[in-house]
Amino acid sequence: MNKLFLVLPLFAGVSWAGTTYYSGAQTENAYNRLLDQVNSKSSEMFVVKSAEYNAGFMKSTAITEVFNPDNMESGPMVRLQHVINHSPVSVAPDNARFGAANIVTTLITDDIDDSDFDEFLDVFENREPFVMTTDVAIDGATSSNFVLNAFDLEEDEKKMKSSGLVANFVTTSAGSVSGDLLAEDFMIHDSEDENGELKNFSAEFNFAKLDETDPNTKIFFDIKMATKLEEGTFNSTGNDPSVRIKDAHYNYDQNLSADDPYVKFSMGIDALESQEVPLNSMSAESTLSGFSVKEMIANYDFYKDLPTMDNPEEIMFSPKSIEILRATFIPDTSLNTSLKVNTTDGDVDADINIWFAGNGSEDGYTGMQTIGDLAKAIAGTATANADRSALNATPLGMMLDEPMAQIYLTVTEDTVTLNAELEELLLRLNQQVLPLEMMAGEMLNMPLEMIPQMM
C-alpha cells in the first residue's frame, strides 16, 4: 500500500509535457509517447501500459494500467482514467482561450475487487486520492494542477493525517519548468508519546533553460527555488513539544546565464524551542562565484550520458573531463560561507572564504604535476567570533583554558575569536604559522593522477 502513495503522484506529476495535441488523430500518438517516456524513467519502480484508447472528434478517453515490475503476472496495481479534450478552444468556461488539449487524470476506483485497495480508498476524503488537470498548448507548453486530497491513514499502530497537497507546474515546449506547492497540514503519530506535525510547507521553483533554441544547453538551467516551513513540532515525551521549529527555510539560486555566473544557497530557522538543544535560531549562506561555464556548455555531448553509465567516475576523471574542469574553475573561483547561530547562552558568527588562486600560469594550472602543486594553488581566510558562554556548553568549552587553545585563539573572559589565513600551504592561526606542507608529508608528492584513487 505504501507503494501506491509513491506511484500515483509520480505518474501524475510526469504530466503530458513535451507532447503536442492538434487534433484527435494525433492525440493517441502523443499518449503512447508519454507512456514510453514514463517507462524509460521509472521502469524499476513501476511499468505503465495502455489498456484502452477511445478516439473522438472533440474528446478522447484513455485508460493506463500501472504494474509492479517485480510481479507483472498479478495484474495492474491501479488503473488511471484520462479524459482528453482536444478542442481548439479551452473547455474551461471561465478561461476560454485557444489551446490544443485539456487532460483530466483520475484514479479508477469502481472496478477493483480488492479489500486492501478498498481500505486504501477509505484513507482519502470522498475515496478519491487525487485529480490532475493539464492544459497543453499548441506549441507543447503545459500548465498542470495536481491535487492530492486529504487523507487519514492508520496502519501498524502508526497514524498519518494530512489536509492534502496542491501543486502547480508550468512547462515550456523547450523544457523550462516552474511551479509551486503547498501542504497546509501533515501529522504523523508513531505512538501516543512520539508524534510530529508540519504546518504550511510551501515551495516555489523555476528551472529556466539557458537558451531554449540551443540543443546544447538542454541540461543547463538557471534555477531559483525557495522552500519554507511555517511551523514544525516533534514530540517525544508527553504532550509538550520536545522541539518546535518556526519559519524554517531553504533557498537556492543558480544563475549560469549571467556574465558572472554564480550559485547561492541559504538556509535557516528563525526560531527554535527545544528541551535538549540550547539553540534559538540559525542561518547559513554560501556562494560559489568566479567560475566559467563556457567550456562546460560547449562540451554537452561529452557528459550528457553520465547519469546512465555504470562507471561515471571513469569519465569524470578522464583527460577530457579534467580539461573541462580546468576551464570551469579558473583562478579567483571562490566559495564564501557565513554562519550565524544564536543560542540561549550567546551568539556565534563565522565567515569562511576559499578560492582557487592558481599557480601563476595563464590558466592557473599549467605545470602542475603533484597533489602538493594543486594544494598550493588554494587559498583562504576564516574568521569566527563567539560569546564564550555559547561555547561553554560544548566540548570546545572545556578546552578554551588549555595553553594550545590560547596560542591559536584569542580568548577573553567573554569572547573567543579565530582568525585564519591559508596561502601556499602556510596556515596562520592568530599569527601563529603552521607549515602544512611539512605536516602532510609524502602525500603531497603523489601525482595528480592518484586523486581518483583517493576518493
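A compact table of results
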| quantity | calculated |
| --- | --- |
| Volume in Å³ per residue [convex hull over Cα atoms, computed for segment 154-215] | 116 Å³ |
| Accessible area of residue 170 in the full protein assembly, 1.4 Å probe (Å², nearest 10) | 70 Å² |
| For segment 113-175: accessible area per residue (Å², 1.4 Å) | 53 Å² |
| Rough spin-label spacing in nm, given labels placed 7 Å along Cα→Cβ, for residue 115 and residue 190 | 3.0 nm |
| Accessible surface, segment 306-455, averaged per residue in Å² (probe 1.4 Å) | 63 Å² |
| Alpha carbon centroid spacing (whole Å) that separates segment 354-411 from segment 118-174 | 49 Å |
| Neighbourhood net charge (14 Å Cβ-Cβ; Lys/Arg +1, Asp/Glu -1) for residue 184 | -3 |
| Segment 310-354 - percent of accessible surface contributed by carbon and sulfur, probe 1.4 Å | 59 percent |
| Listed residues 265, 57 arranged by accessible area, highest first, probe 1.4 Å | 57, 265 |
| FRET efficiency, 1/(1 + (r/R0)^6) with R0 45 Å, evaluated for residue 351 and residue 150 via beta carbons | 0.50 |
| Carbon + sulfur, % of accessible area of segment 389-433 - ligands and nucleic acids excluded, 1.4 Å | 55 percent |
| Apportionment of accessible area to carbon and sulfur, segment 129-179, percent (1.4 Å) | 55 percent |
| Accessible-area value, residue 303, 1.4 Å probe, nucleic acids and ligands omitted, Å² | 40 Å² |
| Residue 163 accessible area, assembled protein chains, probe 1.4 Å, Å² | 60 Å² |
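The values are calculated or read from the model by the stated rules, or taken from the named source; none is laboratory data. The structure presented is a predicted model; accordingly, all values stated were derived computationally and were not measured. When we count neighbours, we look across all protein chains shown, and the Cβ atoms used for this are built from the backbone with ideal geometry, even at glycine. Just so you know, the surface numbers come from the protein's heavy atoms only, side chains and all, with ligands and any DNA or RNA stripped out. Shrake-Rupley method; radii C 1.70, N 1.55, O 1.52, S 1.80 Å.
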